[in-house]
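**Q** Below you will find the structure I want to go over with you.
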Amino acid sequence: MTTLWVDASSGASGDMLLGALVGAGVPVGAVQRAVDAVSPEPVALRVEAVTRHGFAATRVHVTTHEPNPPRRTLPQVLELLSRLTPPVQAAATRTFELLAAAEARVHGIAADAVHFHEVGALDALADVAGGCAGLLSLGLSELTAGPIALGGGTVATAHGRLPVPGPAVLA
């Protein structure tokens, strides 16, 4: 039985999760193949050994050339995800369906009408597709996480300045 525990007590971005997976032994090639499958244009992954607060860590930089990401809808995202292998596609699809449901509740619209802003950008698609591929490659029996730090303050978004955590995150 293999269990992965994620310590998200200081938050966890997609890049941080990719770095943790590669640091745990997931071949970056497995992650890159999933990223390449969903990206309509090149997305580069660069792995770097770093030290954070005295601890060795792995950082994965996700680089795109999408200066003004289109606002992709759930059906558009699902079309991109359809290029993944079936198990990775199922996990990534479930992730975006949950995100769309949360956004739909916040905006009072149907999930298929949600326009992903930041979450629909290629770097976010790479985080989700690559993260799902990485998790599945570990052959886990169980995945668990500790409490998640939600932060505070505000952030500039396509909908204007929002509180942190944002309404969809809370949903």
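The values are calculated or read from the model by the stated rules, or taken from the named source; none is laboratory data. Since the model is a prediction, treat every value here as computed from it, not as a measurement. Cβ: placed from backbone, ideal geometry, glycine included. Neighbour counts: every protein chain shown. For accessibility, only protein heavy atoms count, side chains too; no ligands or nucleic acids. Shrake-Rupley method; radii C 1.70, N 1.55, O 1.52, S 1.80 Å.
**Q** When segment 96-132 is examined, which residues are found to be out of contact with any Lys or Arg (no Cβ under 7 Å at 6 or more places or on another chain), open to solvent by less than 30 Å² (accessible area, probe 1.4 Å) and among the small types (G, A, S)?
**A** The answer is A100, A102, A104, A121, A124, A126, A129, G130, G131.
**Q** Now for a different question. Please enumerate the residues belonging to segment 153-166 that are open to solvent by 50 Å² or more (accessible area, probe 1.4 Å) and either within 11 Å of the chain's Cα centre (by Cα) or in contact (Cβ under 8 Å) with a residue 12 or more places away in the chain (or both).
**A** Hits for segment 153-166 are A158, H159.
**Q** While we're on this one: If you go through segment 78-88, how many residues are β-branched (V, I, T) and either under 16 Å from the mean Cα position of the chain (by Cα) or not in a loop (DSSP other than H, G, I, E, B) (or both)?
**A** 1
**Q** Which of the following residues is assigned to a strand (DSSP E or B), within 22 Å of L143 (Cα to Cα) and touching a residue at least 24 places away in the same chain (Cβ under 8 Å): V60, V47?
**A** Testing whether each residue is assigned to a strand (DSSP E or B), within 22 Å of L143 (Cα to Cα) and touching a residue at least 24 places away in the same chain (Cβ under 8 Å) leaves just V60.
**Q** If I go through segment 141-164 residue by residue, how many of them are among the small types (G, A, S), in a loop (DSSP other than H, G, I, E, B) and under 27 Å from H115 (Cβ atoms)?
**A** The number of residues fulfilling the criteria is 4.
**Q** Could you please give the count of residues in segment 1-33 that are open to solvent by 50 Å² or more (accessible area, probe 1.4 Å), more than 15 Å from A129 (Cα to Cα) and of a type in the set (V, I, T)?
**A** Looking only at that region, the number is 2.
**Q** Which condition does E41 not pass, out of (1) free of Cβ contacts under 8 Å to residues at least 12 places away in the same chain; (2) more than 17 Å from V60 (Cα to Cα), if it passes all the others?
**A** Looking at each condition in turn, E41 falls short on (1).
**Q** Select from segment 49-77 the residues that are among the aliphatic types (A, V, I, L, M) and open to solvent by less than 50 Å² (accessible area, probe 1.4 Å) and write down the one among them that is farthest from the chain's Cα centre (by Cα).
**A** Checking each candidate, the answer is V50.
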